[in-house]
Amino acid sequence: MNARRRTARILAFALLAALAGPLIHGVLQLPAPGSADAPAHANVTANYVERGAESGGAENLVTGVLLNFRALDTFGEVIVIFTAWLAAAAVAGAVSETGRRAIPVSPVVDYVIRALGPFIAAFALFVIVNGHVLPGGGFQGGVVLGAMLILLSLVLGPAPVAGAFSARHWAWLRATGVLVFAATAVIGLALTGHLFGLPAEPVLRKSLMIVLELGIGIGGGAVLAGLFFAVSGVQRS
Amino acid sequence: MNILATALGHVDYLVAVALFLIGAWILVTSGNLVKKVIGLNVMETSVFAFIVTTGMIDGGAPPLVVEGMEGPYASPLPHALVLTGIVVAVSITSLALVLILRVKSQFGSIELDEIVPTDEARGDADSDAVGGDDD
């Protein structure tokens, strides 16, 4: 270790030690974790817990917060991950093809993952469409879906998975979350007079929420797979 | 003794602070770009753990208002916020990794020392040439 690097380490240690003091002090001032008087249980949250299931339209309060109370926030989130894929694909397009090779896997792993694929996809769908009652939802199911696509492309090689759709169709799939969310925002405006508003009629509201979750799930899964393809250099656009 | 009891009661938060500092240490001191991304992820995870912990409640149930789930419920708001945070973290990580690939293809290395050679590193190279090794 040369002298310059050692100095840098000493400086970094001093900086972090100086940072640790206020952090620990501040954290100790908070109410103990798990106590009912923590700020996270007061104000707006108490309201969510009390009336969220009814006015949010989902028994799962987290889904209610995501799709209803903080829908604008979630819309931004969907746009962020879609933009991340756009940027990653744009940068990856400029990366030259060097030092990438397929790593052969054992036949056992190959067979097990092929056999598991449909079950993982079914589980992802289950998590997505039950997001308003059970833990789960669009993002969680989308991540499972994306993980399945990544797992398959690790075993079969990315080319067959990426080749399942044309690049143009992949792009539309990845935009699903953004498009469906924007569509429901406008539908909400037409039905309730509020952007992102969900109609009070229970069946309509529930089906709209499931469509929203499906859009987020499919879009999220396709974006995750797309990020993987961008890093592994299969898909250039 | 009193402060020890407080610290013990807040051990969940203290673990988050420790993880944050570990992540920051990796981020600052490591010269390898991939390790920097890993450090950033450790920091992000510590923040998520902290925020989720603030929402928990002793003896509480998951915030699912269905039969068989009785209050007090854990706070749903931190969960929703952290979900947003995780999506942003994934976006940052993937973009950083692709940029690192670009750096690798441009400079042939992901070590900061080799990409931006310092004066001393050049000095090291010179001394290496004459057979010295000061590392």
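Phi-derived couplings, Karplus 6.51 cos²θ - 1.76 cosθ + 1.60 at θ = phi - 60°, listed residue by residue for the range A:44-54: 5, 5, 4, 5, 4, 5, 6, 10, x, 4, 6 Hz, with x used for Gly and Pro. The calculated FRET efficiency for the pair A:Ala46 and A:His169, based on their C-beta separation and a Förster distance of 41 Å, comes to about 0.35.
Once the C-beta distance of B:Met69 and A:Phe119 is scaled by a Förster radius of 30 Å, the resulting FRET efficiency is 0.65 to the nearest 0.05.
Working note: Karplus 6.51/-1.76/1.60 with θ = phi - 60° gives the range B:14-21 the couplings 5, 4, 4, 4, 4, 4, 4, 5 Hz, where Gly and Pro are set to x.
Computed from the Cβ-Cβ distance with R0 of 45 Å, the FRET efficiency linking A:Val80 to A:Glu201 stands at 0.90. Against the main long axis of the alpha-carbon atoms of chain B, helix B:76-107 sits at an angle near 10°.
FYI, it's all coordinate maths here, none of it is from the lab. Everything quoted here is computed from the prediction, not taken from an experiment. Glycine also receives a Cβ, built like all others from the backbone with ideal geometry; neighbour counts cover every protein chain displayed.
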